[in-house]
Every structure is written in C-alpha cells, then in structure tokens.
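Just below is one structure, and these are the notes that go with it.
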Amino acid sequence: MEEIVESFIKFKMTKEIRQLLNHISSSYSKEMNLSQVFLELLQEDLIGSSELIAIRSTMMMNRYMALVRQEFPAFMHSIYLYEHERQRLWNSSVADVPMVYNEYTNGLCVKNDVLNGSRVPLYVGDVLVVDHVERSEHYICDNHRAQLLKAGIQAFCSIPLMHNGHSFGHKVMYARDKRVFSEQEVTRYRACAHLIEKELVSMKHALLEQIHPGKIS
C-alpha cells in the first residue's frame with residue numbers, strides 16, 4: 001500500500017483533483033503532496049484501499065491518454081478492456097469518441113467478433129488496420145459499420161494490449177476521414193502501448209469495477 005501511496009508523488013495537482021479534495025475537506029485543497037493527501041484520507045477511513053487504487057488508475061489513465069493525444073493529435077483515442085469470461089468489452093478510458101459509439105461503457109458483448117477456433121476477437125489478439133470503414137469487407141467492419149459511420153469514424157487502427165504473452169484488451173485510434181495508416185504510425189502507436197500495459201493489467205479488475213460497479217463477475 002505504501003508503494004501505491006508514494007506513486008501519487010508523480011502526479012500534479014489539477015483543478016479537478018483540487019475540487020474533489022475540497023469537496024471532501026477544505027483542509028486538503030491547498031496541499032500539493034498527493035501522496036500525503038491520499039495517505040491521510042486512507043488513514044481517516046475517508047477512502048478504502050480499493051478506492052485508492054481506483055483513483056490512482058484513473059489518474060494514470062488520464063496521464064497516458066494525454067500523452068497519446070499529444071503524439072497523435074489528429075485522431076480520437078480509446079482503450080478497451082476485454083472480459084474473457086463473458087466476451088465483453090469495456091471502455092476504460094476518458095472517451096474521445098462520440099457518445100453514439102460509447103455503448104462499450106456498459107460492457108458490450110462482442111461474441112460475434114470471435115471467430116470459431118479463436119479465444120478473443122481479432123483486435124484483442126492482433127493489429128487491425130481499416131483504412132476505409134464504409135468500403136471495407138472485413139468482418140469486424142461488417143459487425144460494427146453502422147455505429148462507426150454514425151459516429152463519424154471513417155478509419156481506425158487497433159493495437160492489442162499484452163502482458164506476459166496474454167492479451168487483455170486493445171487500444172484504438174479513430175480517424176474522421178478515410179486514410180492509409182503508415183507502417184511508421186502503426187509501429188509508433190504499438191510502442192506507446194508498452195508504457196501502460198504492465199500497470200494496466202494489474203489494475204484491470206479495479207478499473208472495471210470503477211466503470212460499472214456490481215456488474216463485473
């Protein structure tokens with residue numbers, strides 16, 4: 001637990017965090033050392049260990065998404081966690097995509113995306129690049145074309161999230177215009193995933209509970 005608390009030293013105090021702390025107690029609103037703030041909250045039983053992990057995971061995710069947006073500013077971005085047992089996808093990031101395509105927030109069943117003989121959907125197990133959603137003949141596009149187009153998404157690049165050889169989700173950059181993703185772009189986007197995979201897989205269950213408490217087995 002001390003390692004979790006100490007990790008907050010790495011994060012900056014933002015306006016949103018300050019407002020949250022002020023809502024809990026005005027005495028915290030001017031404190032700049034986040035590790036000390038959350039340690040005190042934990043010691044005073046204002047938050048529990050699971051809430052501490054949830055807060056940390058949210059901050060970690062937001063920081064990572066800000067980095068990805070900076071590296072790939074022309075795209076919308078999302079990260080999805082895959083629930084193997086029920087073949088459901090959950091949007092675990094601060095969504096850039098339009099709400100019309102945010103059905104994953106409630107845990108979307110994607111069993112139709114899992115081909116016979118496969119354990120996971122293609123995009124969870126391998127790179128998937130679609131340069132033109134409307135004309136693509138890929139079965140993934142067939143399954144999701146209507147919602148993608150309704151959200152104004154014309155192309156996308158999906159990269160699996162892996163840890164110790166096992167896939168646990170994927171991240172996607174969406175384009176509003178049809179385009180050809182270069183090999184360099186795909187390589188860079190894949191490399192970015194390594195910055196978050198190890199920590200994200202350790203927080204997977206906590207993140208899912210945070211997204212929709214009580215609905216995760």
Simple SL model, points at 7 angstrom along Cα→Cβ for Lys150 and Lys111; separation in nm is 2.2 nm
Dipole of the range 122-165 (Lys/Arg Cβ +1, Asp/Glu Cβ -1, origin at the Cα centre): which of Ile159, Val130, Leu149 lies farthest to the positive side?
-> Leu149
Would you kindly calculate the translational diffusion coefficient of the range 96-149, applying Stokes-Einstein with the Kirkwood radius from alpha carbon pairs, for 10 °C and a viscosity of 1.306 mPa s, and quote it in µm² s⁻¹ without decimals?
-> 129 µm²/s
Calculated FRET value between Ala66 and Glu134, using beta carbons and R₀ = 30 Å, to 0.05 | 0.45
Ratio Rg/Rh, restricted to the range 130-189 and using Cα atoms, in which Rh is the Kirkwood radius | 1.01
What dipole magnitude, in Debye to the nearest 20, does the range 59-174 give about its Cα centre under +1 on Lys/Arg Cβ and -1 on Asp/Glu Cβ?
-> 220 debye
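Coordinate-derived values only; no laboratory data. Model, not experiment: these values are computed from the prediction. Cβ atoms come from the backbone with ideal geometry, glycine included; neighbour counts cover every protein chain shown.
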